Amino acid sequence: MVRSKRLSLITRRIDGEGTRRTPDELLVEEPLAIQLDGVQISSTMRTPGHDFELAVGFCHTEGVLHDAPVLGIRYCGTGRPADSDFNVVTVDTGGKAPEPTPRLGSTTAACGICGADAIDELTERLQVLPAYEPWSLDMLLTLPNIAEPHQELFESTGASHAAAAFTRDGEMLVLREDIGRHNAVDKIIGRLLLDDYSDSSGGWLDTALFVSGRASFEMVQKAWAGGFSALVAVSGASSLAVETARSCGLTLVGFARPGRATVYSPE
């Protein structure tokens with residue numbers, strides 16, 4: 001089933017010509033409960049669409065799969081999908097993943113991780129990235145321009161974030177948009193996992209993650225957990241994001257524009 005990502009309504013537009021009523025398109029925001037083997041582990045506010053990718057990507061970046069294979073994904077594990085308005089997704093491993101511990105609280109569209117304990121838990125289970133070929137800075141700076149024409153939801157609503165995965169030659173593998181930055185990234189990771197991308201030539205280490213906003217700690221953590229070796233952001237990076245990128249060996253570039261950027265990692 002195709003869910004609507006945009007809602008059309010009449011608004012009042014104010015500009016140099018005065019005030020007028022005009023049609024407008026809003027980005028849809030709805031809750032999604034994510035379950036692993038029937039146990040709810042989180043809820044997030046998201047833009048409907050690619051929900052299965054989001055659920056798988058979230059489970060992977062949160063480390064709750066523990067390398068267990070995903071055997072199935074479905075809406076609502078206890079009844080008809082329509083009963084929950086298609087806002088509950090269950091990821092099934094057949095009980096091969098350890099019983100998950102529900103994440104504290106819910107995830108808003110603006111923020112995904114809260115608390116020092118959560119940060120420590122997410123980083124302690126990850127290892128430093130293996131050695132990889134340095135990235136071409138000139139190529140990385142082209143990624144915003146390549147991604148921009150594909151950000152259709154942002155073009156029509158001005159309210160979405162985008163994430164995309166790129167190969168070393170600048171080929172865009174997949175792009176996703178969502179009201180939440182973290183959701184857009186999880187959708188990318190989920191799609192690549194479902195496509196068994198790790199088995200392709202070069203795999204994750206030869207792939208860069210692009211995000212249309214800032215490089216927060218969570219963006220770095222998700223890129224690291226996903227196995228990307230580079231993260232490129234349109235905006236700046238936080239102090240914790242830079243510290244984490246340098247400690248794990250992730251290439252981190254912010255304020256990316258053709259011909260200019262800030263390289264935070266490597267030093």
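The values are calculated or read from the model by the stated rules, or taken from the named source; none is laboratory data. This is a predicted model, so every value here is computed, not measured. As a convention, Cβ positions derive from the backbone with ideal geometry for all residues, glycine included, and neighbour counts pool all protein chains shown.
The set of residues from the range 156-166 being assigned to a strand (DSSP E or B) and either of a type outside the set (Phe, Trp, Tyr) or at pLDDT below 95 (or both) comprises His161, Ala162, Ala163, Ala164, Ala165. Residues in the range 1-55 that are charged (D, E, K, R) and part of a helix (DSSP H, G or I): 2 in all.
Among the residues of the range 65-86, those identified as β-branched (Val, Ile, Thr) and modelled with pLDDT of 95 or more are Val70, Ile73.
Only one of the numbered conditions (1) out of contact with any Leu (no Cβ under 9 Å at 6 or more places or on another chain); (2) part of a strand (DSSP E or B); (3) buried (at least 18 other Cβ atoms within 10 Å of the Cβ) is violated by Phe58, and that is (2).
Leu143 satisfies every condition listed in (1) within 25 Å of Leu7 (Cα to Cα); (2) buried (at least 20 other Cβ atoms within 10 Å of the Cβ) except (1). Looking only at the range 204-223, residues that are in contact (Cβ under 8 Å) with a residue 60 or more places away in the chain and more than 12 Å from the chain's Cα centre (by Cα) come to 4 in all. Residue count for the range 244-267, restricted to those that are under 21 Å from Asp206 (Cβ atoms), among the β-branched types (Val, Ile, Thr) and more than 21 Å from the chain's Cα centre (by Cα): 1. Note on the range 167-259: enclosed strands (runs of 3 or more DSSP E) holding 2 or more residues that are surrounded by fewer than 22 Cβ atoms within 10 Å (Cβ to Cβ) are 172-178, 251-257. The residues listed here are Arg21, Arg12, Arg6, Arg46; of these, the one that is closer than 30 Å to Val220 by Cα, over 19 Å from the mean Cα position of the chain (by Cα) and charged (D, E, K, R) is Arg6.
Here Gly18 meets the list (1) surrounded by fewer than 17 Cβ atoms within 10 Å (Cβ to Cβ); (2) at positive phi; (3) in contact (Cβ under 8 Å) with a residue 24 or more places away in the chain almost entirely, failing just condition (3).
Taking the range 141-155 as the range and being assigned to a helix (DSSP H, G or I) and either over 16 Å from Arg168 (Cβ atoms) or touching a Ser or Thr at 6+ places or on another chain (Cβ under 8 Å) (or both) as the test, the residues that pass are Pro144, Asn145, Ala147, Glu148, Pro149, His150, Glu152, Leu153, Phe154, Glu155. Which of the residues that make up the range 204-247 are β-branched (Val, Ile, Thr) and within 17 Å of Ala147 (Cβ to Cβ)? Thr207, Val211, Val232, Val234, listed by residue number.
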